[in-house]
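Take a look at the structure below.
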Amino acid sequence: MAEIEIVKSPIRRGFKEVQHLYALGQRHDAFIAGGYAAWMMGQNPICEAGDVDLFTKRTSFSYGLDIGLGQEGYRLISHGVNACTYVDETGSGRKDVQIVNADFEGEFSTPEKLIKRFDMNVTQAVIVSEKFGLATRDFFVGVEERALRVFRVDNPVAAIYRIAKYIGKGYTISPLEVANVFTAWDSFSPAKKERVIEAISQNMIDDEDEFARDEEFWEAPY
């Protein structure tokens with residue numbers, strides 16, 4: 001997989017719309033990162049911004065963020081293994097919010113560590129202040145050239161799903177980059193392969209439960 005070089009860059013758009021979420025994240029150790037942060041920082045985004053992802057340093061459900069979002073007019077609609085989705089109930093048209101928990105202590109402890117957990121270049125962005133964010137150099141190249149690169153694979157099914165989603169948005173990807181997904185799977189230990197298969201199977205079972213449905217599993221950014 002490719003090496004990562006992180007740079008500081010100004011926010012270009014969209015901070016006002018998520019200022020309340022940024023403030024909430026500051027109070028509860030969470031970062032705006034991934035797709036929405038990429039839209040905020042990219043030179044010329046190819047598509048409109050999607051949901052807002054808040055990555056928390058916690059490894060379990062964040063009651064502080066849950067209460068804060070409730071006070072801001074959001075309602076919890078989906079609670080998965082490591083992600084929760086909230087919708088805006090104020091009628092103001094604000095984006096849905098997804099809270100993503102860390103899988104282990106320290107995984108999202110700093111913006112730099114968080115960036116290194118993203119699977120593809122075009123999502124490697126984190127907001128660190130009201131005016132600036134951190135992103136990789138490959139992020140800016142990918143947004144400008146509409147080209148995907150694969151940096152890490154924890155779940156090959158989720159990776160392929162997300163590649164297809166971005167191709168649908170107008171991005172391209174080389175065969176070599178796609179091959180990285182399968183190469184990563186081959187490198188997994190038998191125990192890790194078993195955990196991935198179990199997680200996929202459990203997600204499909206949970207999908208029968210309207211509260212436990214875990215669409216975020218297939219959208220996982222790392």
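Values in this text are rule-based calculations from the coordinates and carry no lab data. Treat the numbers as computed from the prediction; the structure is a model and nothing was measured. Cβ placement follows ideal geometry from the backbone for every residue including glycine, while neighbour counts extend to all protein chains displayed.
Please figure out what share of the DSSP beta bridges in the chain is antiparallel and state it in percent, rounded to the nearest 5.
Close to 80 percent.
Can you tell me how much longer the chain between residue 87 and residue 51 gets when fully stretched, taken as 0.36 nm per residue apart minus their C-alpha distance, in nm with one decimal?
Going from the current span to full extension adds 12.0 nm.
Tell me whether the range 117-170 comes out rounded, prolate or oblate; compute the Cα gyration tensor, take square roots of the eigenvalues as a ≥ b ≥ c, and use a/c under 1.5 as the rounded threshold.
prolate
At what distance in nm do the modelled label points of residue 141 and residue 61 sit from each other, each positioned 7 Å from its Cα along Cα→Cβ?
Between residue 141 and residue 61, the simple spin-label model gives 4.3 nm.
With charges set only on the Cβ (+1 for Lys and Arg, -1 for Asp and Glu), what does the dipole of the chain come to about its Cα centre, in debye to the nearest 20?
860
Find which of 49, 171, 133 sits farthest along the positive direction of the dipole of the chain, computed with +1 on the beta-carbon of Lys and Arg, -1 on that of Asp and Glu, about the Cα centre.
133
Net charge near residue 185, counting Lys/Arg +1 and Asp/Glu -1 over other residues with Cβ under 10 Å of its Cβ?
+1
In Å, what Rg and Dmax follow from the Cα atoms of the range 6-219?
For the range 6-219, the Cα-based Rg and Dmax read 16.8, 48 Å.
Above 25 Å lies some portion of the pair distances; for the range 57-184, what is it as a whole percent of all C-alpha pairs?
Result: 37 percent of Cα pairs exceed 25 Å.
Can you tell me the order of 180-191, 130-141 when each peptide is scored by its average per-residue count of other Cβ atoms within 10 angstrom, highest first?
So the peptides 180-191, 130-141, ranked by packing, come out 130-141, 180-191.
Tell me, what is the percent relative contact order of the chain, built from C-alpha pairs under 8 Å that lie six or more residues apart?
23 percent.
Using θ = phi - 60° and the Karplus curve 6.51 cos²θ - 1.76 cosθ + 1.60, what whole-Hz ³J(HN,Hα) does each residue of the range 117-130 get, with Gly and Pro shown as x?
Working through the residues one at a time gives 8, 6, 7, 10, 4, 6, 10, 7, 8, 9, 7, 10, 7, 6 Hz.
Calculate, in nm to one decimal, what residue 182 and residue 23 gain on full extension: separation in residues at 0.36 nm each, minus their alpha carbon distance.
Residue separation times 0.36 nm, minus the Cα-Cα distance, leaves 53.3 nm.
Let me know the shape class of the range 8-101, please: from the alpha-carbon gyration tensor, a ≥ b ≥ c as square roots of the eigenvalues, rounded when a/c is under 1.5, otherwise prolate if a/b is greater than b/c, or oblate.
Prolate, since a/c reaches 1.5 and a/b exceeds b/c.
Evaluate E = 1/(1 + (r/R0)^6) for residue 105 and residue 172, where r is the Cβ-Cβ distance and R0 equals 35 Å; express this FRET efficiency to the nearest 0.05.
Efficiency, rounded to the nearest 0.05: 0.40.
May I ask you to evaluate 6.51 cos²θ - 1.76 cosθ + 1.60, the Karplus curve with θ = phi - 60°, for each residue of the range 134-144 and list the ³J(HN,Hα) values in order in whole Hz, giving x for glycine and proline?
For the range 134-144, the Karplus curve yields 10, 8, 8, 4, 5, 4, 5, 5, x, 5, 5 Hz.
So what are the ³J(HN,Hα) numbers for the range 162-168, from phi and the Karplus equation (6.51, -1.76, 1.60; θ = phi - 60°), rounded to whole Hz, Gly and Pro as x?
Each residue of the range 162-168 in turn: 6, 4, 4, 4, 6, 4, x Hz.
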